[in-house]
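What follows draws every value from the coordinates through simple rules; no lab data is involved. In this text the structure is predicted, and so the values were computed from the model without any measurement. Cβ coordinates were reconstructed from backbone atoms using ideal geometry, including for glycine residues, and neighbour counts include every protein chain displayed.
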Amino acid sequence: MSSARTPLPTLNERDTEQPTLGHLDSKPSSKSNMLQGRNSATSADKQPHIGNYRLLKTIGKGNFTMVKLARHILPGKEVAVKIIDKTQLNSSSVQKLFHEKFIVQRDLKAENLLLDADMNIKIVDFGFSNEFTFGNKLDTFCGSPPYAAPELFQGKKYDGPEVDVWSLEVILYTLVSGSLPFDGQNLKELWEQVLRGKYHIPFYMSTDCENLLKKFLILNPSKRGTLEQIMKDRWMNVGHEDDELKPYVESLPDYKDPRRTQLMVSMGYTREEIQDSLVGQRYNEVMATYLLLGYKSSELESDTITLKDQQNLPYGVTPASPPGHSQGWRGASGSIFSKFTSKFVHRNLNEPESKDRVEMLRPHVVGSGGNDKEKEEFQEAKPRSLCFTWSMKTTGSMEPNEMMREIRKVLDANSCQSELHEKYMLLCMHCTPGHKNFMQWEMEMCKLPRLSLNSVWFKRISGTSMAFKKANEL
């Protein structure tokens, strides 16, 4: 891509070496020692630390790496830390690797595309990434076979960008159709399909989308399109013909934010070391803390919800339970929603609900009021039918109305608020905005005609991806 992004830092860790955070300075500072000493008396310090990052739990494993959920001690921001078992890079190699713009990712796949809280796509997992220079060929076969370009299967050398373009088009096909363009029972079958370059075009795929795929899923890498051509394609710019998609331009960093600087001064940093780290692009713990504080500027204004804010919360939500109330993941009850039930955070079930709260959780909907025509349409409404089942995780053979009743029971049992938007669609919420477990999502009961089953479709509206994953994972 003509405007490459700097990859997220990774972690190098060996049993006999001091762990470091990717391209952050490996030399421990006095600030790190002070912070670790200050926190050594707390029970939380029993959790392993890497610099200012407290490792919480493992959230993913690969063939060569492990990804940990971590929290920065000072701002309290949660981050993902990748642990790689390899020798430690020296400082100059690290800076050269991540400051160079010409980077090939080499493991692009749907699983490595994440959405942040603002629904922006973030590319993750740069474990196979490498620098490239046109004319200097790469020869490593890496990545995921279903997304790998044919030249990789053939053992040919490649420049770099063309293999990422192939992977991006496989991702596009998968997102549009719900299935992979090339697949097989084993690696040999997959290899044969990729080298043939033949794939099925679903009847519902638009002609423009089909034409885009045909320009880039080409066996000959020299004839394959480029990222610049993708951005200019008609299908990519539908509805934005007057504002053609352009390469991403990184905005200039704000290194003079007085709020963040003052917060860091209150944490024990000096203004001199803050400015030295930022202006000098040190990529050390000081710079990391500053950048983390700026990730969500609104959080700098208020970390807690005031009493006035609580009075204006939607759906009549009461403040989150005090710390003394246990908030864990409930056990299952044995129904088809047992996995669903076991994943929801719950408050103290003995806590009585106020009258106002109950009334707000059951607002007026069509069917409970309105004219006769609206009532009739509401009663006759049927679940939406879905042709594709690849993303549907919670299924059952119950009748739609019975399934909706079970869903409401599960939500109520786990202290989740719900509002009926349509006959078979619920808007759900847990905890209050600002609480670490706050989540808001939609649940829709759908029919799967091909399987003769009904299913629950989840859509996250707000809240952390980890909380949503616990509600929707298998």
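Return the distance in nm (one decimal) between the two label points of a simple spin-label model at Glu442 and Asp254, each offset 7 Å from Cα along Cα→Cβ.
Spacing of the two 7 Å Cα→Cβ label points: 3.2 nm.
Can you give the charge dipole size of region 109-155 about its Cα centre, rounded to the nearest 20 debye, using +1 on the beta carbon of Lys and Arg and -1 on the beta carbon of Asp and Glu? Don't skip to the answer; put the middle values down first.
On the way: 3 positive and 7 negative charges, 24 e Å.
Here the size comes out at about 120 debye.
What's the local net charge at Gln229, with K and R +1, D and E -1, over the other residues with C-beta under 15 Å away?
Details: positive: Lys214, Lys215, Lys223, Arg224, Lys232, Arg234, Lys246; negative: Glu162, Asp164, Glu169, Asp208, Glu228, Asp233, Glu244.
Residues close to Gln229 contribute a combined charge of 0.
How much length is gained on full extension from Met66 to Asp242, taking 0.36 nm per residue of separation minus their Cα-Cα distance? Don't skip to the answer; put the middle values down first.
Working: separation 176, 0.36 × 176 = 63.36 nm, distance 4.42 nm.
Gain on extension, Met66 to Asp242, equals 58.9 nm.
Taking the Cβ of Asp159 as the centre, find all other residues whose Cβ is under 14 Å away and add up their charges (Lys, Arg: +1; Asp, Glu: -1).
Values: positive: Arg106, Lys137, Lys156, Lys157, Lys223, Arg224; negative: Glu131, Asp139, Glu151, Glu162, Asp164.
With Lys, Arg at +1 and Asp, Glu at -1, the neighbours total +1.
Exposure proxy check: Ser462, Ser167 ranked by fewest other beta carbons within 10 Å? Each step should come with its number before you reach the end.
Working: Ser462 13, Ser167 24.
The most exposed by this proxy come first: Ser462, Ser167.
Order 278-289, 244-255 from most to least packed using the mean count of other Cβ atoms within 10 Å.
Packing proxy ranking, top to bottom: 278-289, 244-255.
Give me the net charge of Met403's neighbourhood, meaning all other residues with Cβ under 14 Å from the Cβ of Met403; Lys, Arg count +1, Asp, Glu -1.
Numbers: positive: Lys382, Arg384, Arg405, Arg408, Lys409, Lys423, Lys447; negative: Glu399, Glu402, Glu406, Glu444.
Value of the local net charge: +3.
Please sort 110-116, 202-208, 177-183 by packing, taking for each peptide the average over its residues of neighbouring beta carbons within 10 angstrom, highest first.
177-183, 110-116, 202-208
Can you tell me the order of 417-423, 221-227 when each peptide is scored by its average per-residue count of other Cβ atoms within 10 angstrom, highest first?
Values: 417-423: 18.1, 221-227: 14.7.
Packing order, densest peptide first, comes out as 417-423, 221-227.
Exceeding 21 Å between C-alpha atoms, which entries from my cross-link table qualify? They are Lys215/Lys246; Lys61/Lys436; Lys137/Lys198.
Values: Lys215/Lys246 19 Å; Lys61/Lys436 25 Å; Lys137/Lys198 27 Å.
Listed pairs above 21 Å: Lys61/Lys436; Lys137/Lys198.
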